[in-house]
Amino acid sequence: MFAFYFEITAPLRTPVLSVVPIRALVDETFKVLVENLSPGRPVTVRSLHHSEDRDDWEAYGHYISDHRGTVSVSDDSSFGGSYSGKEPMGLLWSMRPVPGSRPGLRLRKRDITSPLLVNISVYSGHEGFRDQEPLASVVTERWYMAPGVKRVEVKEQGIRGTLFIPPGPGPFAGLLDLWGGGGGLLEYRAALLASHGYVCLALEYLRTSEMKSGKNEQLYFEAAFNIIKFHPQVMPDRVGLFGLSMGSLISMYLAAESAAVKPRCCVCISCNHSYLENYNKVRTDENNYTIWRDMGLEIVRKVGKISCPILLVNGQDDQNWPSVESAEDVTKLRAAGKEHLLTRLTYPNAGHLIEPPFSPHFRATNFKNIITNEKVVMLWGGQTKPHSDAQEDSWRKILSFLQLHMYSSSSPRAKL
């Protein structure tokens, strides 16, 4: 007589992963939920993006499922990974190149007519997850350009740029979007601003033949401003300037000195209202990262002539420009009796590249020097978590500032 014994085990559960919304603007939050796990199971939730430059970027958090077998990235704490603690959007803002990637990378979307695709996956355990097949995966779309936004290439009057027009007949407020000293035509911020209700012109200005000639630089910007101002869907008295780094220098110069440019308001991120000189004071740190902030500066001392509201956004760990010091100097508006026009946002441990929310932080990246044509690794500064918090907080306040001064209303505008 033989006795047979059978061990009865619980059937393996198939995890269910959801991301809501699965399609959204890049400045909108999402919720990542893993269900149908065993209670108390350790898992890793990972995001992965293959960039247009063919580099892979990732972020990940280590979690333990609750008594219901659920992990909510929005509500639960990560026990480690590229972020820790309760961070609903950590899977985006803490993205970094995967191990073994090229050094000095920066993630930027160039083709804004297509989404930034992010693969969200869940893996078993907290170790060796890159060598596993995921338990479940979802691809989510992050867009800079909302449905109905029009993209129009501009090649008139010697101007090179791209105009983004919100859906609907308008009329809309307008913005001239000016990036910094890296040059090139960058469209993603202008597309996002158009998604929030502004006709926005992303302008290239460092590599055009008109600018390289060294003649009539101010006329170039004035012509670009007028393209927006006289667009049939734009309210001509409601056109503003939006600049980062060198773009903020140009914005402040135009607002102070140009008779043709009368902006409704200005947003200046990592501002510098100075002309560069004494380039020999550029230095490098122990990692051979280039630091510009110690260069001698010739201050443009006519900020008191600015007569529109200005929002200054600065990080206290900016290693590229002396932007906090420059922002202090702008308080000369006080002496001109115009202190009421100035709003300042200053963020501890944030760096130079303050971008739309949930963008990855880059402390140092590859950079082509426009003065020497030399390729360097530029030190921008900032620590990942406080810098990311600064991006989220400042963007919300930038949109409120624009809404107040461009539309005279605090009501929110369109979402995707």
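Readers should treat all values here as calculations from the given coordinates under stated rules, not as data from a laboratory. Here the structure is a predicted model, which is why all the values come from computation and not from measurement. Because the Cβ atoms are built from the backbone with ideal geometry, glycine has one as well, and the counts that use them run over all protein chains shown.
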What are the residues whose amide H is under 5 Å from the amide H of Leu342, where those residues sit 5 or more places off or on another chain and H is modelled from the backbone?
Ile310
How large is the Kirkwood hydrodynamic radius of the stretch 16-143, counting all unique pairs of alpha carbons, in Å?
14.9
Label-to-label distance, nm, for residues given as Arg13 and Ser258 (7 Å Cα→Cβ offset):
6.0
Label-point gap, in nm, between Gln157 and Ile22 - each point 7 angstrom along Cα→Cβ:
4.5
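Given 4 °C and 1.567 mPa s, how large is the Stokes-Einstein diffusion coefficient of the stretch 179-271 in µm²/s, with Rh as the Kirkwood radius over Cα pairs? It would help to have the intermediate numbers written out before the result.
Working: Rh = 13.5 Å.
This corresponds to a translational diffusion coefficient of 96 µm²/s.
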Between Ser408 and Glu217, with labels modelled 7 Å along Cα→Cβ, what's the label distance in nm to one decimal, could you check?
3.6
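Taking R0 as 41 Å, what FRET efficiency do you get between Thr372 and Phe230 from their Cβ-Cβ distance, rounded to the nearest 0.05? Spell out each step's value before the answer.
Values: r = 39 Å, r/R0 = 0.94.
Efficiency, rounded to the nearest 0.05: 0.60.
By average Cβ neighbour count within 10 Å, what is the ranking of 190-197, 103-110 from highest down? Intermediate results must be reported in sequence, preceding the final value.
On the way: 190-197: 26.0, 103-110: 16.1.
So the order, starting with the most tightly packed, is 190-197, 103-110.
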Provide the per-residue ³J(HN,Hα) series for the stretch 246-255, in order, calculated from phi with Karplus coefficients 6.51, -1.76, 1.60 and θ = phi - 60°, each as a whole number of Hz, with x at glycine and proline positions.
4, x, 6, 4, 5, 4, 5, 4, 4, 5
Filter on Lys229/Lys305; Lys109/Lys229; Lys150/Lys229; Lys109/Lys150; Lys31/Lys109; Lys86/Lys150 - keep pairs with C-alpha separation over 29 Å:
Lys86/Lys150
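Net charge within 12 Å of Leu33 by Cβ-Cβ distance, Lys/Arg positive one each and Asp/Glu negative one each, not counting Leu33 itself?
-2
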Karplus-derived HN-Hα couplings along the stretch 127-134 (A = 6.51, B = -1.76, C = 1.60, θ = phi - 60°), whole Hz, x at Gly and Pro
10, x, 5, 5, 8, 9, 7, x
Gap separating the Cα centres of the stretch 96-115 and the stretch 32-54, nearest whole Å
19
